[in-house]
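Since the structure comes first, as structure tokens, the remarks are kept for the end.
The values are calculated or read from the model by the stated rules, or taken from the named source; none is laboratory data. Bear in mind the structure is a predicted one, so any value in this text is a computation, not a measurement. Quick reminder, even Gly has a Cβ in these numbers, built from the backbone with ideal geometry, and neighbours come from all protein chains shown. Please note that ligands, DNA and RNA were not included when accessible areas were found on the heavy atoms of the full protein model with its side chains. Shrake-Rupley method; radii C 1.70, N 1.55, O 1.52, S 1.80 Å.
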Amino acid sequence: MENDYISSDDDYQYSDQESMDGFENEESDFKLVTVKGPTTQRLQVITNESLLIAQKEDLRRVMDMLSVTEQHARTLLIYHRWDVEKLFSVYVDRGKDFLFAEAGVSLDEHRASESSLSSSIMCDICMEDVPSDESTRMDCGHCFCNNCWTEHFIVKINEGQSKRIRCMAHKCNAICDEAVVRTLVSKKQPDMAEKFERFLLESYIEDNKRVKWCPSTPHCGNAIRTEDDQLCEVECSCGLQFCFSCLSEAHSPCSCLMWELWAKKCQDESETVNWMTVHTKPCPKCHKPVEKNGGCNLVSCICGQAFCWLCGGGTGREHTWTSIANHSCGRYKEGQEKKSERAKRDLYRYMHYHNRYKAHADSFKLESKLKETIQGKVAISEGKDSRVRDYSWVNNGLCRLFRSRRILSYSYAFAFYMFGDELFKDEMTDKEREIKQHLFEDQQQQLESNVERLSKILEEPFDQFTDDKVMEIRMQVINISVIIDNLCQKMYECIENDLLGSLQLGTHNIAPYKSKGIDRASELPVYWTNKAVDAHQKVTE
């Protein structure tokens, strides 16, 4: 049957570039090889040097479409959180007037008539007469003295509202011209003007759902922009791989909520609470856990409170060998024994999934450390005089092994929540849960079996084998790698369609499976950035 999966090495080519990937919030000292060449999804790394051009791209689209200035385009985009498609949708559905009024954009040419102003005006804020050349009239028509405008701008910048500073006039919704803000503030507080500029620039990342900072620690200073689906896993140019949706480590096939709960469960060791539920009882006075260390059912807390171990109720200290004075709890009460058994069952269930999750994570680390050893074997084999010249299948097999190990590890965290009571208790009957669990576990076990086969074959001393034996191992690695790829694909399809796709009450989505690994973002070229910015500035001038 394995001959059905024979494929050329080019079917799953990977690059030698490596990136960090971690499990259980531990320090990572192992590498994951990722895909080479153009990605199926448009991903770009925005550096500090290329941030301006990334912002200019969207500004230019809006300026060309609506025939507005850069200031008004920025105001519209900031209001719509830099979602150009949403902005255009509102424009088409509701019209230009609604679009502008909603965002606080005023196109009235009030400032064009400033020459007709008198030599002085009275500022309605400070109630003083000031020369007309020491006042400023905004697009909305409201005019105040420059001192009041400047103080207003500084206060708003300090309050973090610099991205949308409104006019000072009562009930005026208009957004102030950024050029006016920049000019007036820079005269009094140049540092504050720089802060204002930085806020405007970084708003492209802070408010944009399609652009997010890389969560690397220490921070690499990069941001990632996706043009397509936001539910994806990406690799920054710094090497960090992460979930674009929640910014935690790449965790598919877990949904973001599942991974958040699982990571917290592992980090906090919250299952010790279950052990304490089984082996301790809370003091009825101070509520601290008390462990029984003797045979008598009258126990005492360190706070001095005595209570009955059988029912947990507070009592006095007088008792005989058979009873506690003025206390009786011998009548059976439904639920006490069930509660204890449930705590034990939950603990054993958690340990089952966690042990397997951790085992594959540990195998991933060990196999990653063997990469240098295996590549050493490749170097020896390539130096020999033999018929076998191409050993790219070894690196490709390693890539498939690392990728599937990672998926297997996270699949146990997924199964813990998918078939437990924490998230989907009311979504499935016991019979439905059992059927779906068996379906998923069958696929999981098939994947697990083939991953172990691939791991064993790659550890063979192929540098000492004959050419015929090496060719035999080559075909085994290629065939099993393709089988594993198909099994991973089927597992994701099962999760998306048969498991998560059948839910009614909640929405859980996972990043799609990528056969060649996590998408790597390409950097926005800085040399093109500088040329584009220069050209843009010449046009606006």
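Over all projection directions, the Cα-based convex hull of region 38-88 averages an area of 4.3 nm².
FRET efficiency for the L439 to E341 pair, using the beta carbon distance and R₀ = 35 Å, is estimated at 0.80. Summed over the residues of region 119-246 and divided among them, the accessible surface reaches 46 Å² per residue at a probe radius of 1.4 Å. Taking 16 Å as the cut-off, the amide N atoms of region 362-396 that come nearer than this to a point 7 Å along the Cα-to-beta-carbon line of K469 belong to 377-378, 380-382, 384-388. Taking label positions 7 Å along the Cα-Cβ direction at both E460 and Q267, the computed distance is 4.3 nm, reported to one decimal. Over all pairs of different C-alpha atoms, region 458-499 has a mean inverse distance whose reciprocal, the Kirkwood radius, equals 12.1 Å. Annotation: amide H-H contacts under 5 Å for I46 (H modelled 1.01 Å from N, sequence separation of 5 or more, or interchain): A223, I224, R225. Measuring nothing but protein heavy atoms, the accessible surface of region 381-533 at 1.4 Å probe radius is 45 percent carbon and sulfur. When the distances between all Cα atoms of region 348-437 are binned every 5 Å from zero, what whole-number percent does each bin get? Percent of Cα pairs in each bin: 3, 12, 16, 14, 12, 10, 9, 7, 6, 5, 4, 2, 0, 0.
Excluding ligands, DNA and RNA, the accessible surface per residue across region 357-398 is 48 Å² with a 1.4 Å probe. Between C126 and D498, what FRET efficiency comes out of the Förster formula 1/(1 + (r/R0)^6) with R0 = 60 Å and r the beta carbon distance, rounded to 0.05? Result of the calculation: an efficiency of 0.30.
With all protein chains present, how much of the accessible area of region 133-254 (probe radius 1.4 Å) comes from carbon and sulfur, to the nearest whole percent? The computed percentage sits at 48. Legend: distances between Cα atoms for K281/K365; K288/K358; K56/K212; K358/K425; K96/K187; K371/K469; pairs beyond 29 Å are K281/K365; K288/K358; K96/K187.
The largest-to-smallest principal axis extents of the Cα set in region 351-505 are 65, 25, 18 Å. Can you tell me how region 417-534 classifies by the Cα gyration tensor, rounded, prolate or oblate, using a/c under 1.5 as the rounded cut? Oblate shape, in that a/c is at least 1.5 and b/c is the bigger or equal ratio.
The share of alpha-carbon pairs in region 126-273 lying farther apart than 26 Å comes to 49%.
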